[in-house]
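The values are calculated or read from the model by the stated rules, or taken from the named source; none is laboratory data. Please read all numbers here as calculations on a predicted model, not as lab measurements. Positions of Cβ are backbone-derived with ideal geometry, glycine not excepted, and every protein chain shown enters the neighbour counts. Heavy atoms of the whole protein, side chains included, go into the accessibility calculation; ligands, DNA and RNA do not. Shrake-Rupley method; radii C 1.70, N 1.55, O 1.52, S 1.80 Å.
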Amino acid sequence: MKTQLSKEDLLKAYRKMREIREFEDRVHVEFAKGTLPGFVHLYSGEEAVAVGVCSHLNDLDRIASTHRGHGHCIAKGVELEGMMAEIYGKKTGTCGGKGGSMHIADLDKGMMGANGIVGAGPPLIAGAALASKLRKDGSVGVVFFGDGASNQGTNFESMNFAVTLDLPMIFVLENNGYAESTSPKYSAKVGSDNIADRARGFGMPAVTVDGNDFFAVYEAAGEAIERARKGGGPTFIECKTMRYFGHFEGDAQTYRPKNEVKDARANDCPLKRFADAAISAGLVEAADIEAIDKDVLAQVEKAVKDAEVAPQPDMEALMADVYVSY
């Protein structure tokens, strides 16, 4: 770890990762009960990526997410209570209960939205980054996308656009090993094991890091974001990680090797790796970690209970936000 984080910052980062884990694991349970409308795509296992990147961002910086967007929302500062209510389709939700799991957005936090369209994020952030450059406000745009979206034309066009105009834009590829059920070893033969090599073909700085190591992600993201703020243009960061659940809830996951997730949870959990490293270095105490675990669990429990009893959206809201009037 090159950058020495304060105890406060370390505990804040761990709390965000724990919030994502507990939130997603609880949504997994609630969905199995049949109480949640629509599909959900869970982020458990990838926490170090979202938090490692978003720890460098403020509310002026903008991010765009994917169909697997809960983790990005939480890392960017969107409130758990509003998110849970949104997933329940309730009036108190972040988007009034009309967006649901795949379309949570909070523009006040710079969260431009989760998105059900694969590869839709890069053009959105290219536009946001262009606006930042024109405003000269020092803000950056970050797009999170998966190994499946890395093959989309929208991604390649956005990379070319960002390089050509030196946009303050960060491409964060969350390579969790499966584009739904297809390995990038089959769908992205780039001549190496790293999809990041493609970005170098556009003349863009690119790096591949261990996406389960918060500190590796934090260092790479910090360097890229600082360079972007100073006018140094875009960067591509490939984070190799793993999702602990299926592509969607209900996915049989017959494409996965036996015990793949079990072994990852036991030996490569990003939260455990973070806590072990910080405690062994004497930077935090085990009691600090335990207190956060307990507090977050209670917060998620309260978010569920509040969402269960929250009112449904009003009928008058049905047509609101559907059309834009100029």
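How big, on average over all directions, is the shadow cast by the Cα convex hull of the chain, in nm²?
With the hull built on Cα positions only, its mean projection is 17.1 nm².
Suppose accessible area is computed on protein heavy atoms with a 1.4 Å probe; arrange HIS103, HIS56, HIS247, HIS70 from highest to lowest.
Result of the area sort, largest leading: HIS103, HIS56, HIS247, HIS70.
Going Cα to Cα from LYS136, which lysines come in below 16 Å? Please leave out same-chain ones fewer than 8 positions away.
Straight-distance partners of LYS136: LYS230.
Any chance you could check the Cα centroid distance between the stretch 29-105 and the stretch 1-28 for me, in angstrom?
15
Under 20 Å from the 7 Å Cα→Cβ point of GLN4, by amide nitrogen: which residues of the stretch 275-304?
275-286
Quick one: if you stick a label point 7 Å off each Cα along the C-beta vector at ASP166 and ARG229, how many nm between them?
The modelled label-to-label distance comes out at 1.9 nm.
Quote the convex hull volume per residue of the stretch 161-234, based on C-alpha atoms, as a whole number of Å³.
92
ASP306 to GLU157: extension gain in nm, 0.36 nm per residue of separation minus the Cα-Cα distance?
So the chain would gain 49.4 nm between ASP306 and GLU157.
Counting only DSSP beta bridges with both residues in the stretch 5-306, what percent are antiparallel, rounded to the nearest 5?
So the antiparallel bridges amount to about 10 percent of the total.
Quick one: net charge around LEU57, please, counting Lys, Arg +1 and Asp, Glu -1 for every other residue with C-beta under 11 Å from its C-beta.
Around LEU57, the charge tally is +2.
How do the peptides 233-240, 276-283, 46-53 rank, highest first, by the average count of neighbouring beta carbon atoms within 10 Å per residue?
46-53, 233-240, 276-283
So what is the 222 nm mean residue ellipticity for the chain from helices alone, if each DSSP H run of at least 4 adds -39500 (n - 2.57) and you divide by all residues, rounding to the nearest 500 deg cm²/dmol?
Only helices count here, giving -13500 deg cm²/dmol.
State, as an integer percentage, the relative contact order of the stretch 5-306 based on alpha-carbon contacts under 8 Å between residues 6 or more apart.
23
Where does the Debye-calculated log10 I(q)/I(0) of the stretch 10-66 sit at q = 0.13, 0.15, 0.24, 0.29 Å⁻¹, using only Cα point scatterers of equal weight, no solvent?
-0.41, -0.53, -1.00, -1.17
What nm value, rounded to one decimal, do you get for the distance between ALA287 and ALA32 when each label is placed 7 Å out toward the C-beta?
3.5
Sort 21-33, 253-265, 302-314 by the packing proxy (mean of other Cβ within 10 Å over each peptide's residues), most packed first.
Taking the mean over residues of other Cβ atoms within 10 Å, the ranking is 21-33, 302-314, 253-265.
Please give the contour-minus-distance gain from TYR186 to ALA252: 0.36 nm per residue of separation, less the Cα-Cα distance, rounded to one decimal in nm.
Here the answer is 21.7 nm.
Any lysines with Cα under 20 Å of the LYS185 Cα? List them, leaving off those in the same chain fewer than 8 positions away.
Cα-Cα hits under 20 Å: LYS240, LYS258.
Out of the trypsin sites (Lys or Arg not before Pro) in the stretch 137-208, which ones are loop residues according to DSSP with at most 16 other C-beta atoms within 10 Å?
LYS189
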